[in-house]
Number of protein chains: 2
Amino acid sequence: MDQGAGVPVDPPIWDIIELLYFAYRDFVGDPDSVLATFGFGRAHHRVLHFVTRNPGLKVAELLDILRITKQSLARVLKQLVDEGFIEQREGETDRRQRRLFATPKGEALALRLATQQTRRIRRALAELGPEGHAQARRFLVGMINAGGRDEALHFVDQVTGVPRRR
Amino acid sequence: MDQGAGVPVDPPIWDIIELLYFAYRDFVGDPDSVLATFGFGRAHHRVLHFVTRNPGLKVAELLDILRITKQSLARVLKQLVDEGFIEQREGETDRRQRRLFATPKGEALALRLATQQTRRIRRALAELGPEGHAQARRFLVGMINAGGRDEALHFVDQVTGVPRRR
DNA sequence: CATTTATGTCAGCCATGTTGACATATTTCG
DNA sequence: CGAAATATGTCAACATGGCTGACATAAATG
């Protein structure tokens, strides 16, 4: 069975490593051209996405999700606010906070980008069975750091971010 | 059944969109600390990875995989060559080419990084059934641009890159 | 021999990450 | 109440890794 010495105990899973690279590259590449028409980059997309999905998000929470510094965030957030994609409101109980909300314009852009990416995802899931979505989801969840998994899932499953009527 | 007007025809698949972000973030984050001890970044990792997996790769081919410019590649490649992780040999038939090879030192680093990432992948696949690997693979392949899929698979399935005995 | 090809290199710019220091308003605690 | 902690903003400088444009060299090819 086993070939004995000389055979690595856990050989790298090269195909998944490389496919993750190719898949992610194309996935995040989808929105680029649309973003470019607004003078935005991927950093703007990430901010807009998480704010849209989590209306009322605190700046500190956003920093925690993105794992960047407040100085990095400030640059792109300022542009998104200046150009009317995101607005900031004082926290109701704690007036030091600036809760973040996507404007209708911001929500529209976020939805447009997500729809584009969803086409790709739908196509990929179509090649799996009926359990495809659940399987892909379980795989991706398993790839997240065990420590941050609950926090990530809390975000993912939070439905308040579905475009609200106002 | 259908709720009629007002319901989006293809709602964004938010969970997969976000889980891809979190999963990829942690996945590529694994090697960071090791890379940092060599003064390398993720760009070095990508180059070293594909060269290790594809001994004798031409510069033009590498540029094609990474989709960056030769000027960007030059910066990191030069460091990898200078520090003995990659070596360049004249093409046997076409002496203009600089075929790229990982040195034993380079292979060792690539293997170390891949092994680290593989632990994460193995953990994730373990949560799926026996078909987990095949399913994850099919999902990721489906996420790649239809056009470049064959080329990507050609690379992924090429076995010459498995650490050769010399 | 002229042209094309494979690669390298110089110079400068841009996007997005970092650290460190400091400012402001507000809340909380002794 | 007043001191300390907290949430956020901002200035300045720097690092990484993308980009474009221009030009150089050697080798292959027609």
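The values are calculated or read from the model by the stated rules, or taken from the named source; none is laboratory data. Keep in mind that what you see is a predicted model, and the values were worked out from it rather than measured. Cβ placement follows ideal geometry from the backbone for every residue including glycine, while neighbour counts extend to all protein chains displayed. When the accessible area is computed, the model is the full protein with side chains, heavy atoms only, and any ligands, DNA or RNA have been set aside. Shrake-Rupley method; radii C 1.70, N 1.55, O 1.52, S 1.80 Å.
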- Task: Name the one entry in B:Arg99, B:Arg95, B:Arg75 that is open to solvent by 30 Å² or more (accessible area, probe 1.4 Å), in a strand (DSSP E or B), over 21 Å from B:Gly29 (Cβ atoms) and within 16 Å of DNA strand D (Cβ to nearest atom).
- Result: B:Arg99
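Are any of the residues in the range B:5-24 within 15 Å of DNA strand D (Cβ to nearest atom) and of a type outside the set (S, T, N, Q)?
At the first step, the residues of the range B:5-24 found to be within 15 Å of DNA strand D (Cβ to nearest atom) are B:24.
Then drop every residue that is not of a type outside the set (S, T, N, Q), which leaves B:24.
Taking every residue of the range B:5-24 in turn, at least one turns out to be within 15 Å of DNA strand D (Cβ to nearest atom) and of a type outside the set (S, T, N, Q).
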- Task: Given the conditions (1) within 19 Å of the chain's Cα centre (by Cα); (2) more than 14 Å from DNA strand C (Cβ to nearest atom); (3) open to solvent by 30 Å² or more (accessible area, probe 1.4 Å), report the number of the one that A:Val9 does not fulfil.
- Result: (1)
- Task: Could you please give the count of residues in the range A:24-49 that are touching a residue at least 24 places away in the same chain (Cβ under 8 Å) and within 9 Å of chain B (Cβ to nearest Cβ)?
- Result: 3
- So how many residues does the range A:51-72 have that are within 14 Å of DNA strand D (Cβ to nearest atom) and in a helix (DSSP H, G or I)? 12
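Residues in the range A:11-20: is at least one away from chain B (no Cβ under 14 Å) and farther than 23 Å from B:Ile13 by Cβ? Don't jump to the end; show me each part of the working.
At the first step, the residues of the range A:11-20 found to be away from chain B (no Cβ under 14 Å) are none.
Taking every residue of the range A:11-20 in turn, none turns out to be away from chain B (no Cβ under 14 Å) and farther than 23 Å from B:Ile13 by Cβ.
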- Task: Could you tell me which residue of the range B:61-89 is farthest from DNA strand C (Cβ to nearest atom), considering only residues that are closer than 22 Å to A:Ile17 by Cα and out of contact with any helix residue (DSSP H, G or I) (no Cβ under 7 Å at 6 or more places or on another chain)?
- Result: B:Arg67
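Based on what the data block shows, is A:Leu80 open to solvent by less than 30 Å² (accessible area, probe 1.4 Å) and outside any helix (DSSP H, G or I)?
Criteria not met by A:Leu80.
Tally time: how many residues in the range A:133-152 are part of a loop (DSSP other than H, G, I, E, B), among the aliphatic types (A, V, I, L, M) and at the interface with another protein chain (Cβ under 7 Å from one of its Cβ atoms)? Explain how you work it out, then say what you get.
The initial filter retains those residues of the range A:133-152 that are part of a loop (DSSP other than H, G, I, E, B), namely A:144-148.
Of the ones still in play, those that are also among the aliphatic types (A, V, I, L, M) are A:144, A:146.
Next cut, at the interface with another protein chain (Cβ under 7 Å from one of its Cβ atoms) only: A:144.
Counting residues in the range A:133-152 that are part of a loop (DSSP other than H, G, I, E, B), among the aliphatic types (A, V, I, L, M) and at the interface with another protein chain (Cβ under 7 Å from one of its Cβ atoms) gives 1.
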- Task: Go through the range B:37-50 and give me each residue that's assigned to a helix (DSSP H, G or I), open to solvent by 40 Å² or more (accessible area, probe 1.4 Å) and more than 9 Å from DNA strand D (Cβ to nearest atom).
- Result: B:Thr37
- Message: Give me the residue from the range A:105-132 that is at pLDDT 95 or above and farther than 17 Å from B:Asn145 by Cα and, out of that set, farthest from the other protein chains (Cβ to nearest Cβ).
- Response: A:Lys105
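Only residues that are touching a helix residue (DSSP H, G or I) at 6+ places or on another chain (Cβ under 6 Å) and not polar (S, T, N, Q): list them for the range A:142-151, please.
At the first step, the residues of the range A:142-151 found to be touching a helix residue (DSSP H, G or I) at 6+ places or on another chain (Cβ under 6 Å) are A:142-145.
A:Gly142, A:Met143, A:Ile144 - these are the residues of the range A:142-151 that are touching a helix residue (DSSP H, G or I) at 6+ places or on another chain (Cβ under 6 Å) and not polar (S, T, N, Q).
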- Which of (1) within 10 Å of DNA strand D (Cβ to nearest atom); (2) buried (at least 21 other Cβ atoms within 10 Å of the Cβ) does A:Gln88 not meet, given it meets every other one? (2)
